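K.L.:
Below you'll find the structure I mean.
Laboratory data are not the source of any read-out in this text; all were calculated from the coordinates shown. Keep in mind that this is a model prediction, so the values were computed, not measured. Heads up, the Cβs are rebuilt from the backbone with ideal geometry, glycines too, and the neighbour counts pull from every protein chain shown.
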Amino acid sequence: MSTVQSDPSTMIRSNENPLIRFATGAGLIVLTYVVLYALHAFQQPRALTSYSIAALFNNTAPLALAAAGQAIIVISRGFDLSVAGVISICNVTLAVYPMDGPGGAMASVAMCLAIGGSVGLVNGYLVAVLKLQSIAATLATMIICQGIALVILKAPGGAVSEWIVYEMTDRIFSVIPVSGLVLGGVVLIWLALKRTSFGISIYAIGADETSAALSGINVTRVRFLAHVLAGCTYGLAGFMLSAQTATGNPTSGTPLLMLSFAAVALGGTALTGGRGGVFASIVGAATLILLQKVLFSSGVSSFYTGMFQGSILILAVVFSSLLARLGDTK
Amino acid sequence: MRKKIIKSTAAVLALSAIAAGIPGLASAQDGKKFKVFLSLSYSGNAWQSEAANIVKALAQTAPYDEMVELREVISGTDPQAQISAYESMIDEGADAIISFPISSTALNRTIKRGCDEGVLFFMYDATVTESCAYNVSYLSSGFGENSAQALVNALEGNGKIFLSRGVPGNSVDQRHTDGALHIFNQYPGIEVVAEYYSYWDDRTTQQETAKALTANPDVDGIWAQAGEYGAIQALLDAGDRLVPMTGENSAGFRLALADPDMQAKGLTGVSAGSPPAQSGYAFKLAMEILTGQRELEPMNIEYPLPWVPADAVKVCEGDVYEDGCNVFPPEMVPSSFVSEVLNTDLLPEVNVESALNGTPVPGATIQPLPAEVTEAANLPGINCGSCEAPENLYELTKVEATVQP
Amino acid sequence: MKSTSKSSSQEHNLAQTGDTRVSAKISRETISTLSVAILCLVLLFSARLINPALGSWSQIETVLVLGFFLVVLSFGQGLVILTGGLDLSLPATITLGGILATNWIGAGNPDEWYLLPAVLAVCGLVGLASAIGVIWLRVPPFIMTMATSIIVASALLGYTRGTPRGTAPDMAVALMKGDILGVPAPIVVLIIFVIVGWLFQSRSVYGRYLYAIGTNIEAARNAAVPVTAMRILPYVLSAICAGFVGIALVGYSSGATLRMGDDYLLPSIASVVIGGSLILGGRGTFLGSVGGALLLTILGTIIATLGLEFGFRTIIEGSIILIALLLLREELFQKLRSLKS
């Protein structure tokens, strides 16, 4: 896992050539998504209706948010397996303790953020303060969270508050999907965060921890907060998932675990840390979801969709890392 | 460097081109054929593939081979993926969707939208609570309580038992176990010494039973959901002794029940459980509605509970269940083959090859289904949304208690 | 300037006080391996408090047989992690080994002597493919092996058309159900495997090469380590181990299913990490991984006997893994060492 990153500030250097910046940033995955979407619309004209677009956003939102949180941890050179646990707990909590109306929805969002934040707090303590390996610590917390979810709700059931279910999957002015607005909000917060010293520090500790520490960054605090932030994002993912499925399922988070990593990698974020972005990972998640639909419309035999998905994953990662290295060698 | 980029670009574009070019059947409409989708979630175990194969075989049997365009879609265990698949199928103009839903509630809104567009939704084995969908399931027929009572009878009301369950957090497992515990709790002499999740898999059952046996080597009986043959293997590994067992209908288990050597070691019991044939029944019902031969409003339809006690097991000689035979020999099927995939009343057009490979029987034609459909009892949260369970929910239908609590 | 720091605790080493010369002779890896072993024994014997039948020889036998699969897997996974990678393709390769064993070979096949190694070779090819992707295409191991897993699983789904058929090869059944001089065969094979694995990783030149690559790949290259070949080797070995486990599983339960490998992925990583390996590579021993694997198996066996609801059992399982990780961590050893002197 050797990288040629040395000094953190050079990592964040602004490259002169806008084409390279485009290619090494989220540009590539956005381009891929647009091409894929064009293909999808060509195969299935009904995809361009505002209903279908909203449905796609609704379907994408949970994975996109999970990938966003995962990206934060990956950038800081870690792994976070607890995404599955947080989402499951949030989902069953919303289904077992529904709170009605818009006020109830705000309280529910706060509850999800609190659940995710607390798990992130525990993870942050274990990884940043006690120096446990992130993959191991978050594996343990994931298992514990799974258990908590099963204690709250033994088998699928419960009902999420109707207000949340209808409003969060609806469209404003019958055009703009609410879930899209949520995603947009998260992206904006991230773009703002990226410019703060906290945001830069996350990249720095992922690129080269020793140098970061020597240049005055409080590695422990940054890593700790990164986990809390990621946890809150997972909570939000659980909230959006509950809005779409309308019920509680104690294992609802599990499918999103591996997919969150795939989305992050697809978006071009290196798993060795120090580069990449939340926006790119969100688009990576969107690409995975869209890929399902494109493969469906292409008539690929159900048995072999896996082969396509795996190959495309490899191709996309190869392509984006090639471009990234092209940017480096300049 | 540049070469590599060019190569990769070419590869990506080529892949997209292939994807686009693949039988651009997506929107091709053949005016006459019905578009039927088979939507699976889980895949890769014998039960799921046999159920899918039966539908595929039926769709290729005359006259449906001319009338139906069947497409199988496997979504995996992620409810989001199945929601997305349903949306795509509705957009493609599906006439009917025969499906094994991954969740009893998460898919409801998509199903409702599909119903509004005139799509028929037929769920088999697993159910949904959306009222516009048809559920064809044996779930309400009381597998849990009936098999539990049979075990209690075999143990004469006293003994230590294992509970081998399914997948944690799953409503089918919960319903079965609730029914079984309802019966076991009535008998103070019956003690559940170990309860474990076997994920409806032979191997996991074997491993979990082995673990339970280390702590409780003197078990007297086992109540098992699918994967029961693994429990027999674990018992044999541990001490070459068997106990009364109830389970589902794997070929391995049924053959063991009828095997004199196994019986001599103490095996007896009942083979019941989930029949993959439900998929074929659902498909034929859907087709009869589509072709106008039947009028049926959305409802929950009960598929009868298979019930084969040890003394009723009979090995088949041919490739269908005739003369009362109910299990195929080991030369024909592996031990994990789920036996209740054929049904002489409801599915006379298919044989064991259809179940194994999805091939139609040469020369067969679709036979009409019996006119009567049995309505299933309400199972709140499983096959109906806001409804009440009937008072006689755990009423025994296949056995009677020979021992009083 | 190369980044060689694998753990920020090394910064704290600069501030270390106390004379640790004596205690430093005991390598940290010996300490972590011993600790895992002690934890295993503690768990085994405290199990007696729950149920007198536990902690007995028959439980130990069951644990060793059930743990066999995880131990073999943790060898391959451990080697991959040692060189700084991660192998997520284990589930699919296990299934590949199992399906090929039942479909190509089956029971009563006189050719199984050379067909079984052929199955292992095919699995090795899958590992080779992953290695090629990681080394030449520079795809991160996490993604490459995940993609390989998806592709192989899909290929198997298509190949079997969803219905795996066939029976277990005789040798596989003999391996898992037979006896060698009165001891269950899996336990004998397990002991032999552990010895061979330990010799390979800790005592052979190849093992040293792998440690070198995991610590600092440039330095290894400069030291004339055959870096490329040594980077390919772990993936191939891991895949072969997984294939072997698939064959063994088929022998154990007389059949193959398409999901048979799924449950072993996270436990294989957990075993290696609990056993003291660093996920970034360069540290860890096979004996430690063996300890981790057995610890998880014992834990699973004990948890299974608790009469609690599944949710609570899961919480307890996760908590004990967490406690194990906390007890086995780096800083604690440092503190213990400075205490000793």
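K.L.:
Where the convex hull is taken over the Cα atoms of segment A:57-127, what is its projected area averaged over directions, in nm²? Don't skip to the answer; put the middle values down first.
P.N.:
Working: hull surface 21.2 nm².
Taking a quarter of the hull surface, the average projection is 5.3 nm².
K.L.:
Right, another one. Using the Kirkwood radius over Cα pairs, work out the Stokes-Einstein diffusion coefficient for segment B:142-271 at 10 °C and 1.306 mPa s, in µm²/s as a whole number.
P.N.:
113
K.L.:
Compute the orientation-averaged projected area for segment C:76-212 from the convex hull of its Cα atoms and round it to one decimal in nm². Display every interim value, and only then the final one.
P.N.:
Working: hull surface 38.8 nm².
Averaging across all directions leaves 9.7 nm² for the Cα convex hull.
K.L.:
Still on this structure, please answer the following. Order A:176-188, B:298-310 from most to least packed using the mean count of other Cβ atoms within 10 Å. Walk me through the numbers on the way to the answer.
P.N.:
Working: A:176-188: 18.0, B:298-310: 20.0.
Descending mean neighbour count gives B:298-310, A:176-188.
K.L.:
Divide, for chain A, the radius of gyration over alpha carbons by 2.2 N^0.38 Å, where N is the residue count.
P.N.:
On the way: Rg = 19.6 Å, N = 330, 2.2 N^0.38 = 19.9 Å.
For chain A, the normalised Cα radius of gyration comes out at 0.98.
K.L.:
Hey, can you rank B:100-111, B:54-65, A:128-139 by average C-beta count inside 10 Å, highest first?
P.N.:
B:100-111, A:128-139, B:54-65
K.L.:
Something else about it: What dipole magnitude, in Debye to the nearest 20, does chain A give about its Cα centre under +1 on Lys/Arg Cβ and -1 on Asp/Glu Cβ?
P.N.:
Values: 15 positive and 10 negative charges, 89 e Å.
That gives chain A a dipole magnitude of about 420 debye.
K.L.:
With each pseudo-label sitting 7 Å past Cα toward Cβ, what's the A:Ile189-A:Leu48 distance in nm, one decimal?
P.N.:
That separation, rounded to one decimal, is 3.5 nm.
K.L.:
Which far-off residues, 5 or more places away or on another chain, put their amide H under 5 Å from the one on B:Glu195, with H placed in the peptide plane?
P.N.:
Here the answer is B:Leu163, since their amide H atoms fall under 5 Å of that of B:Glu195.
K.L.:
Shifting gears a bit: Give me a comma-separated list of calculated 3J(HN,Hα) values for segment A:65-79, in order, Karplus coefficients 6.51, -1.76, 1.60 applied at θ = phi - 60°, integers in Hz, x for any Gly or Pro.
P.N.:
5, 4, 5, 4, x, 4, 4, 4, 5, 5, 4, 8, 6, x, 10
K.L.:
For B:His176, B:His182, A:His40, A:His227, what's the fewest-to-most ordering of other Cβ within 10 Å of each Cβ? Mind showing how you got there, number by number?
P.N.:
Working: B:His176 27, B:His182 15, A:His40 24, A:His227 30.
Exposure proxy ranking, most exposed first: B:His182, A:His40, B:His176, A:His227.
K.L.:
Please list, in order, the residues from segment B:196-227 whose amide nitrogen is less than 15 Å from a point placed 7 Å along the Cα→Cβ vector of B:Val403.
P.N.:
B:219-223
K.L.:
Scaled to the compact-protein estimate 2.2 N^0.38 Å, what is the alpha-carbon radius of gyration of segment C:246-326, rounded to two decimal places? It would help to have the intermediate numbers written out before the result.
P.N.:
Numbers: Rg = 14.6 Å, N = 81, 2.2 N^0.38 = 11.7 Å.
Cα Rg divided by the expected 2.2 N^0.38 Å: 1.25.
K.L.:
Sticking with this one: Mean shadow of chain C, computed from the convex hull of its alpha carbons, in nm²? Don't skip to the answer; put the middle values down first.
P.N.:
Values: hull surface 79.5 nm².
Projected area, direction-averaged: 19.9 nm².
K.L.:
Any idea how far the Cα center of segment B:385-405 sits from the one of segment B:75-128, in Å?
P.N.:
About 31 Å separates the Cα centre of segment B:385-405 from the one of segment B:75-128.
K.L.:
Partner chain Cβ atoms within 10 Å, averaged over the residues of B:79-87 - can you pull that number for me? Before the final figure, lay out each step's value.
P.N.:
Working: counts 8, 15, 5, 0, 5, 10, 4, 0, 10.
So the per-residue partner count for this stretch is 6.
K.L.:
Next up: Going down the list A:Lys154/A:Lys194; B:Lys265/B:Lys314; A:Lys154/B:Lys35; B:Lys398/C:Lys177, which pairs span over 31 Å between their C-alpha atoms? Could the numbers behind the result be given before it?
P.N.:
Details: A:Lys154/A:Lys194 40 Å; B:Lys265/B:Lys314 20 Å; A:Lys154/B:Lys35 38 Å; B:Lys398/C:Lys177 38 Å.
Distance filter (> 31 Å) returns A:Lys154/A:Lys194; A:Lys154/B:Lys35; B:Lys398/C:Lys177.
K.L.:
Using Cα centres only, tell me the gap between segment A:42-57 and segment C:240-270 in whole Å.
P.N.:
Segment A:42-57 and segment C:240-270 have Cα centres spaced 41 Å from each other.
K.L.:
Then there's this: With a 10 Å radius around each residue's Cβ, average the other Cβ atoms per peptide and rank B:229-242, C:308-321, highest first. Intermediate values should be presented prior to the final figure.
P.N.:
On the way: B:229-242: 21.0, C:308-321: 19.4.
Ranked by mean Cβ neighbours within 10 Å, highest first: B:229-242, C:308-321.
K.L.:
Can you tell me the 0 to 90 degree angle between the C-alpha axis of helix B:228-239 and the longest principal axis of chain B, rounded to 10?
P.N.:
40
K.L.:
Taking only Cα atoms and a 10 Å spring cutoff, compute GNM fluctuations for chain B and point out the largest among B:Asp201, B:Asp261, B:Asp220.
P.N.:
B:Asp261
K.L.:
Quick one: check the C-alpha center-to-center distance for segment B:231-275 versus segment B:167-225, whole angstrom.
P.N.:
Going from one Cα centre to the other spans 15 Å.
K.L.:
Enter the mean number of other protein chain beta carbons within 10 Å of the beta carbon of each residue in C:135-142, as an integer.
P.N.:
Details: counts 0, 1, 8, 6, 9, 9, 2, 10.
For peptide C:135-142, the averaged partner shielding equals 6.
K.L.:
Hey, can you list the DSSP H helices of chain C whose Cα span along the axis is 27 Å or longer and whose average Kyte-Doolittle score is at least -0.5?
P.N.:
Correct list, ordered by number: C:28-50, C:57-82, C:112-135, C:141-160, C:227-253, C:286-305.
K.L.:
Taking Cα atoms, how many degrees apart are the long axis of helix B:46-59 and the longest axis of chain B, rounded to 10 and kept between 0 and 90?
P.N.:
50
K.L.:
Take every Cα pair under 8 Å in segment B:142-271 that's 6+ residues apart, average their separations, divide by the length, and report that relative contact order as a whole percent.
P.N.:
On the way: 260 pairs, mean separation 34.9, N = 130.
About 27 percent, as a whole number.
K.L.:
So for the protein assembly as shown: antiparallel DSSP bridges make up what percent, rounded to the nearest 5?
P.N.:
Details: 10 of 50 bridges.
Approximately 20 percent, going by the DSSP bridge assignments.
K.L.:
Would you mind giving the mean number of other chain beta-carbons within 10 Å of the Cβ of each residue in A:244-253, as a whole number?
P.N.:
On the way: counts 6, 9, 6, 8, 3, 9, 6, 5, 6, 0.
Averaged over the peptide's residues, the number is 6.
K.L.:
Between B:Gly280, B:Gly221, B:Gly292, where does the largest GNM mean-square fluctuation fall for chain B, given springs only between Cα atoms within less than 10 Å?
P.N.:
B:Gly292
K.L.:
Here's a follow-up. Which net charge results when you count Lys and Arg as +1 and Asp and Glu as -1 among the other residues whose beta-carbon is under 15 Å from that of C:Ala242? The partial results should precede the final answer.
P.N.:
Details: positive: C:Arg259; negative: C:Asp87, C:Asp262, C:Asp263.
Computed value for this residue: -2.
K.L.:
Moving to a separate point now. Out of segment A:142-173, which chymotrypsin sites (Phe, Trp or Tyr not before Pro) are coil in DSSP terms and have no more than 12 other C-beta atoms within 10 Å? Let's see the in-between values first.
P.N.:
Numbers: sites: A:Trp163, A:Tyr166, A:Phe173; in loops: A:Phe173.
Listed in order of number, the matching sites are A:Phe173.
K.L.:
Let me check against my output: what whole-number percent is the relative contact order of segment A:27-323, with C-alpha pairs under 8 Å and at least 6 apart?
P.N.:
This gives 37 percent for segment A:27-323.
K.L.:
With only alpha-carbon pairs counted, each pair once and no self-pairs, how large is the Kirkwood hydrodynamic radius of the protein assembly as shown in angstroms?
P.N.:
Details: mean 1/r = 0.0334 Å⁻¹.
The answer is 29.9 Å.
K.L.:
Another one. Kirkwood hydrodynamic radius, chain B, all distinct C-alpha pairs: what's the number in Å?
P.N.:
On the way: mean 1/r = 0.0447 Å⁻¹.
One decimal place: 22.4 Å for the Kirkwood radius.
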